[in-house]
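Read-outs throughout are calculated quantities, based only on the coordinates presented, and are distinct from any laboratory measurement. In this text the structure is predicted, and so the values were computed from the model without any measurement. We place every Cβ from the backbone using ideal geometry, glycine too, and count neighbours over all the protein chains shown.
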Amino acid sequence: MNILIINGSPKHGGFTGGALDFAATCLQGKGVTINHVRLADMTIHDCRGCFNCLKTGKCVIPDDVETIIKEMIKADGFVIGSPVRNALITACFKKFIERITYILGFTLALEDKYTLGIASVGYIGGKSISRKFCCLQDVFHTHLSDFVFCSVGIPSEKNMAKVESRLAIATDKLIADISRRPQRSFYQRTSYLIDRVVIRKFMIERHPDVYANVIESWKSKGYIRPR
């Protein structure tokens, strides 16, 4: 089992890093192979909005995103963490999400993978958007294994004792989900179907030349019938 840990915090030694390190220790203790990506240490340029990746599946920007994408495709699941910044995710994590959405999101390349999201806020706010992005929901539609959201105060407390038991349970569930591959709930399946219908009717069918790579991916998954 191969799990990729993605750290979306720009801070060294903060709560997010500590939580992800603890999760990694729990997973490795169960024999899981772990790979780490700390986004703040990677070269990730802004998306140019050229749509080349929608057409071809390849980004024209030469940086570390291509390597991260390859690791994400190889992984069975993810543990992803980002603190809340002004009720949003961090700037480096948002930039990363923008770069992978067209390549891995619209193509539904990660739909069979499982995600444990970890997020923290000083006091309140940002829980919904953290769940959406840290758990790779929205257009990515990974299976949501668990989401751990913590209020850590300002300045943040680095004491992990308060959440260690919660993270240990969450990592065990991630391993179990990847091993057993439970079916999505009726609500999740319905929501996923609606999203596919909307994307197909209002985007793909109106601009098939722009979404050429997405169309090929959906055909391979049986979501579009070859003509």
With a 10 Å radius around each residue's Cβ, average the other Cβ atoms per peptide and rank 132-140, 176-184, highest first.
132-140, 176-184
The chain: antiparallel DSSP beta bridges as a percent of all, rounded to 5
5 percent
What does the C-alpha gyration tensor say about the overall shape of the range 97-227? Classify as rounded when a/c is under 1.5, otherwise prolate if a/b is larger than b/c, or oblate.
prolate
Normalised contact order of the chain, rounded percent, pairs of Cα under 8 Å and 6 or more residues apart
23 percent
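Grab the beta carbon distance between Asn2 and Lys221, set R0 = 22 Å, and tell me the FRET efficiency rounded to 0.05. Kindly include the intermediate steps, with their values, before the conclusion.
Values: r = 22 Å, r/R0 = 0.98.
With R0 = 22 Å, the Cβ-Cβ based efficiency is 0.55.
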Simple spin-label estimate for Ala40/Glu98, 7 Å along Cα→Cβ, in nm, reads 2.0 nm
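Charges only on Cβ, +1 for Lys and Arg, -1 for Asp and Glu: so what's the dipole of the range 2-183 about the Cα centre, in debye to the nearest 20? Kindly include the intermediate steps, with their values, before the conclusion.
Values: 22 positive and 17 negative charges, 50 e Å.
For the range 2-183, the charge dipole is close to 240 debye.
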Starting from the Cα gyration tensor of the chain, take the square roots of the eigenvalues, sort them a ≥ b ≥ c, and report rounded, prolate or oblate (rounded when a/c is under 1.5, otherwise prolate if a/b is larger than b/c, else oblate).
prolate
Most positive-pole-ward Cα, Ala176, Phe147, Pro226, against dipole of the chain from beta carbon charges:
Pro226
Find which of Val163, Leu88, Ala23 sits farthest along the positive direction of the dipole of the range 2-183, computed with +1 on the beta-carbon of Lys and Arg, -1 on that of Asp and Glu, about the Cα centre.
Leu88
